[in-house]
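The values are calculated or read from the model by the stated rules, or taken from the named source; none is laboratory data. What you see is a predicted model; the values in this text were computed from it and never measured. As a convention, Cβ positions derive from the backbone with ideal geometry for all residues, glycine included, and neighbour counts pool all protein chains shown. These area figures cover heavy atoms from the full protein model, side chains too; ligands, DNA and RNA do not enter into them. Shrake-Rupley method; radii C 1.70, N 1.55, O 1.52, S 1.80 Å.
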Amino acid sequence: MSDERLNGSVRRVLLTRASADNAAIADALAAHDIAAIELPTVSIQSRNVLDDAPDGAAPRSLEALLFGAAAVAFTSRNAVHALMQTGRIRAVLRAAQAGVVVAAVGDRTCRALESQGITVNVVASPADGTSLARQLARKLQTGQRVVCPRAAHARPELVDGLRAAALVAEPLVCYENVPPPRPSEEACRRALSADLVYFAAPSAADRLYA
């Protein structure tokens, strides 16, 4: 949207992402004297899926999963935060120190990893799974294994791209995008005063409608 339109009829914008993801766009709107109204349609819930072992089987460790892997690829900082919350991020640090390639989609995911002391070897540009898969395919050899920490319903581009390049992609579900608690009536009234609604995902539109 052009600055001219933003400085015209749009005075209030409804942001539907999680609160932690709204800061940058809220600051940009404020620079145009536009108020940001928040009504989150997403809540990130960590999942400790490595402990979901069948009855009688020992839970897997992330160290064991990363052993022998050539790379670990993150497509969002939510995956980084999920591994932090479940106490698994140190395994990634140790793997990186042992020579496992660490890859990230975009600068924000890269910064989340670096904040944990993890050196990032590959940063995708443009910041999407297809680009990350291509860059890893140029760096790795055919048949090597890539562990992909991701959401429960992640987009398929990274895994599909790695497999198309004859690499072994191993998805690791470590968080899921779930609906947040129902907003208050006052929050809904504020949302209805917005001139424009910003959606970052189809699920946000579905949940706002619901």
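With all protein chains present, how much of the accessible area of the chain (probe radius 1.4 Å) comes from carbon and sulfur, to the nearest whole percent? Spell out each step's value before the answer.
On the way: 5770 of 11590 Å².
That fraction is 50 percent.
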Notebook entry, point to check: Modelled label-to-label distance, Thr142 and Gln97, 7 Å Cα→beta-carbon offset: nm?
Noted result: 3.6
Notebook entry, point to check: So how tilted is helix 129-139 from the main axis of the chain? Cα-based, degrees 0 to 90, rounded to 10.
Noted result: 30
Margin query: Please list log₁₀ I(q)/I(0) at q = 0.19, 0.23, 0.28 Å⁻¹ for segment 138-192, using the Debye equation with identical point scatterers on the alpha-carbon positions.
Written below: -0.70, -0.88, -1.06
Next item on the list: Find which of Ala200, Gln116, Ile37 sits farthest along the positive direction of the dipole of the chain, computed with +1 on the beta-carbon of Lys and Arg, -1 on that of Asp and Glu, about the Cα centre.
Entry: Gln116
Checklist line | Amide H partners (placed H, <5 Å) of Ile37, local residues excluded | finding: Val13, Leu14, Leu15
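How high is the relative contact order of the chain, in percent, counting Cα pairs under 8 Å that sit 6 or more residues apart? Spell out each step's value before the answer.
Working: 363 pairs, mean separation 56.5, N = 210.
Rounded, it is 27 percent for the chain.
To the nearest 0.05, what FRET efficiency results for His153 and Ser115 with a Förster distance of 30 Å applied to their C-beta separation? Write down the numbers at each step before the final one.
On the way: r = 26 Å, r/R0 = 0.87.
Efficiency, from the Cβ-Cβ distance: 0.70.
Using a 1.4 angstrom probe on the protein heavy atoms only, could you order His81, His153 from most to least accessible area? Could the numbers behind the result be given before it?
Details: His81 70, His153 165 Å².
Listed by decreasing accessible area, they come as His153, His81.
Report the gain in length on full extension from Tyr198 to Ala210: 0.36 nm times residue separation, minus Cα-Cα distance, nm rounded to one decimal. Don't skip to the answer; put the middle values down first.
On the way: separation 12, 0.36 × 12 = 4.32 nm, distance 1.62 nm.
Result for the pair: 2.7 nm of gain on full extension.
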Margin query: Using a Förster radius of 45 Å, what is the FRET efficiency between Ala28 and Ala64 based on their Cβ-Cβ separation? Nearest 0.05, please.
Written below: 0.55
Note to self: I need the shape label for segment 75-131. Rule: rounded when a/c is under 1.5, else prolate if a/b > b/c, else oblate, with a, b, c from the alpha carbon gyration tensor.
What the structure shows: oblate
Next item on the list: Give the Rg/Rh ratio for segment 69-210, taking Rg as the radius of gyration of the Cα atoms and Rh as the Kirkwood radius, to two decimals.
Entry: 1.06
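Fully extended, how many nm does the chain gain between Glu170 and Ala20 (0.36 nm per residue separation, minus their Cα-Cα distance)?
Details: separation 150, 0.36 × 150 = 54.00 nm, distance 2.84 nm.
Using 0.36 nm per residue and subtracting the Cα-Cα distance, I get 51.2 nm.
Please report the antiparallel percentage of the DSSP beta bridges confined to the chain, to the nearest 5.
Working: 4 of 27 bridges.
Just about 15 percent of them are antiparallel.
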Item checked: Proximal charge balance of Val159 [Cβ under 10 Å; K/R count +1, D/E count -1] -> 0
Checklist line | Virtual spin-label span in nm between Ala35 and Glu185, 7 Å along Cα→Cβ | finding: 2.0
